Amino acid sequence: MQADTKKSNKDSDNLIPGATGDWEVVLGLEVHAQVNSNAKLFSGASTEFGGAPNSHVSLVDAAMPGMLPVINKECVAQAIRTGLGLKAGVNLRSTFDRKNYFYPDLPQGYQISQFKQPIVGEGEVEIEVDGDTKRVGIERLHLEQDAGKSIHDQHPDYSYVDLNRSGVALMEIVSRPDMRSSKEAQAYVTKLRTILRYLETCDGDMDKGNLRADVNVSVRKPGDELGTRCEIKNVNSIRFIGQAIEHEARRQIDIIENGGTIDQETRLFDPKTGKTRSMRSKEEAHDYRYFPDPDLLPLEFEQAYVDELAKGLPELPDEKKHRMMDEYGLSAYDAGVLVAERASANYFEDVVKGLDNAKRDGKSAANWVINELFGRLNKEGQDISDSPVSADQIARIVNMIGSGDISGKIAKDLFEIVWTEGGDPGEIVDKRGMKQVTDTGAIEKVVDEVIAANPDKVEAVKAKPTMIGFFVGQVMKASGGKANPKAVNDILKKKLGVE
Ligand code: MN
C-alpha cells in the first residue's frame, strides 16, 4: 500500500456533534482473557466449562484455612507468549498482590492479582478502521484469578454460589486511552481476540465469558484535558461494546451540556435497553488495600526461557497478512479477511500449495476462497472445518481457470458440482465437456453464424463500436458459455472491422 494514496485518519474525523460544538470520545479498554490451560492459576482443579456447580473446586479455590496457592507454570508461559504477541516487554521479575474486597463469590476475601509489578509491560496492537492503520498502546498485562459466580435467578429467596470459575487464570490486558470511536474500540477487541486465538493462549469465546471488556469512556472538547471517565463493566460481545460506547458518550455529552458534571462510576450495559446504568461509584486503587501476597514468592525467570517461548510462536496475523500481500499479490482487504481466523488462513495456504502458478493465480484463489467458498459456507451456516470442498479441489479449479481450460462462468458451475457431488474437478470437466473452446476455427464458425443472423446489428456496430457486446453475448450463448471470451472478442473485432 502506498502511503500517499491512503485516506488520512485524523481523530477529528471521529468527533461527535453536540449543542455546544463537537466532542471527542476517549476510550481505554481493560480486557479480561481467560488463559487456555487445563488447570487453574494456583490449583490443579479443572478449568473445563459447563461442569455441575462446584464440581471443579479444590480446597485452594474454596479458600479453606491453611491452604497455599502454587503457581501453574503453564499459565505463566501463556502470559509470556501473549506478551510477545503484543510486542510487549516481558518482566523477568514480577510479583503477586492481594486485591481486597468482599463479595460472596470471592471466598478468599481477596483476589490474587498483580499490581505494582505485572508480568508484561508496554506493547501495542495494530488496528485497521476504514482502511486506515492505527496503533493502540498496551500499558500492561497481568495475571490474576477469576472469581466464582453468583446465581440469583434459581430461587426467589436465595442466591447460590458456583465456584467452578474461582481461581481460573485470567490475563488482564490494559490498553492506553488511545481509541477515539466505537469502531476503533471494536477493531481493537477483534484484533486482540485474533492474536490470542493465533497464539492459542485464550480461545476468545465471548459467549462463555472467556473474553470480556471493561470499557472506560470519557468525553472532552478537542484539545482539552481528559474528562472524568466511567467504566462499563464486563461487556461480552463486540456489538455490545459498540452500543455501550455510543450510548455512554451521548449520555455524558448531554449531562455536561445541560450544566452537570460526570461522576466517576462503574456502570453496566443492558443489552435489552441498549443503555448503561449506574452500578456503584468507582473505587480507586487505594480502596482495595493492595499488598504483596505473603504466600507467593516473586515470579522470576531467565531471558533464555522467554527466548525459548518466542521461538515456538506461530506467524501472527499482521506478519501473515503482509507476507500474503507480497507473495501472492493479494489486496490488503483480501489478506485481512483471510488472516482474521487462523483456520481460514491455513485453508488458503493449502490452496496456494496446490496452485500451478501461485504468483499468477494467488489473487484468483483468494477471490474463490473469500467469495465462493466463504459465501457458500456462510449461507449454509457451516464452518471452514466442515467445508465439503477441499483446499486441493479449489486449487484445481483455479488452475484450470488460470490456464484457460475453463471460463470463470463454467468454473462456478463446476464449483457447484464439486460442492454437492464431490469428485476430481479435472475429471468432471473432461467427462461433462466443460472445457473452454479456444480452437479459433470452432469459434469462427459460431461467429459467422451469429453475424449472418443479425445483419441489422452489423450496421449498427460500425457506427457504435460498444455494440460489440451484443455479439459477444450471442456467441457465448451459442457456445454454451464455453468459448474463450478473449478469442471471441478478437475474432469478432476482426470480422466486424471494429477496433
Ligand atoms: Mn481485573
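FYI, it's all coordinate maths here, none of it is from the lab. As the structure is a computational prediction, the values presented were derived from the model and not from experiment. A quick note on method: Cβ atoms are made from the backbone with ideal geometry, for glycine too, and the neighbour counts reach across all protein chains shown.
A few comments on the model shown:
- The Cα-based radius of gyration and maximum Cα-Cα distance (Dmax) for the stretch 161-296 are 16.6, 51 Å.
- When you filter the GluC sites (Glu not before Pro) in the stretch 43-136 for DSSP loop state and at most 13 other Cβ atoms inside 10 Å of their Cβ, you are left with GLU48.
- The stretch 192-204 - phi-based ³J(HN,Hα) in whole Hz, Karplus 6.51/-1.76/1.60, Gly and Pro as x: 4, 4, 4, 4, 4, 5, 4, 6, 6, 9, 7, 7, x
- Mean sequence separation of contacting Cα pairs (under 8 Å, at least six apart), scaled by the length of the stretch 11-310, corresponds to a relative contact order of 23 percent.
- Span from the the stretch 334-363 Cα centroid across to the the stretch 40-98 one, whole angstrom: 37
- Packing here is the average count of other Cβ atoms within 10 Å per residue, and on that basis the peptides 98-104, 19-25, highest first, run 19-25, 98-104.
- Antiparallel DSSP beta bridges within the stretch 209-308, percent to nearest 5: 75
- Reduced Cα scattering model of the stretch 252-384, Debye log10 I(q)/I(0), q = 0.14, 0.16, 0.22 Å⁻¹: -0.83, -0.86, -1.28
- Contact order, relative form, for the stretch 315-431: 22 percent (alpha carbon pairs under 8 Å, 6 or more residues apart, mean separation divided by residue count).
- Derived value for the stretch 410-453: Kirkwood hydrodynamic radius 12.2 Å. Basis is the mean of 1/r over every pair of different alpha-carbon atoms.
- The stretch 280-385: trypsin sites (Lys or Arg not before Pro) falling in loop per DSSP and having at most 12 other Cβ within 10 Å: ARG289
- Converting phi to 3J(HN,Hα) with the Karplus coefficients 6.51, -1.76 and 1.60 and the offset θ = phi - 60°, the stretch 38-46 yields 6, 10, 6, 5, 10, 8, x, 5, 5 Hz in sequence order, with x at every glycine or proline.
- Our coupling estimate for the stretch 393-405, obtained by passing each phi through the Karplus curve with A = 6.51, B = -1.76, C = 1.60 and θ = phi - 60°, is 5, 4, 4, 5, 4, 5, 4, 5, 5, x, 7, x, 5 Hz, Gly and Pro reported as x.
- Here the stretch 439-499 and the stretch 218-294 have alpha carbon centers that stand 67 Å from each other.
- Given charges at beta-carbon only (K, R positive; D, E negative), |dipole| of the stretch 144-205 in Debye: 420
- Rg(Cα)/(2.2 N^0.38 Å) for the stretch 315-431, N = residue count: 1.01
- Dividing the convex hull volume of the alpha carbon atoms of the stretch 216-312 by its residue count gives 217 Å³ per residue.
- Taking the Cα centre of the stretch 378-499 as reference, the dipole from Cβ charges on Lys and Arg (+1) and Asp and Glu (-1) amounts to some 660 debye.
- Assigned charges on the beta-carbon of Lys, Arg, Asp, Glu; the chain dipole about Cα centre (debye): 1220
- Placing unit charges on each Cβ (+1 for Lys and Arg, -1 for Asp and Glu) gives the stretch 315-431 a dipole about its Cα centre, and among ALA345, ASN371, LEU414 the Cα reaching farthest toward its positive end belongs to ASN371.
- If you model the stretch 7-97 as an ellipsoid using its alpha carbon gyration tensor, with each semi-axis the square root of five times an eigenvalue, the axes come out at 41, 19, 14 Å, biggest first.
- Amide hydrogen proximity for ARG140: with H placed 1.01 Å from N in the peptide plane, the residues at 5 or more positions away or on another chain lying under 5 Å are VAL174.
- Under 5 Å, built H, 5+ apart or other chain: amide partners of PHE291: ARG98
- Values of log10 I(q)/I(0), in the order q = 0.08, 0.09, 0.12 Å⁻¹, for the chain under a Debye, Cα-only, solvent-free model: -0.67, -0.79, -1.13
- Cα lying deepest toward the dipole's positive end in the stretch 11-310, options PHE96, PHE269, VAL125, charges on Cβ: PHE269
- Principal-axis tilt of helix 358-367 within the chain, Cα atoms, nearest 10 degrees: 70
- Percent of Cα-Cα distances greater than 17 Å, calculated over the stretch 440-496: 24
- The GluC sites (Glu not before Pro) of the stretch 274-323 meeting both criteria, a DSSP state outside H, G, I, E and B (loop) and at most 16 other C-beta atoms within 10 angstrom of the site's C-beta, are GLU283, GLU284, GLU302, GLU315.
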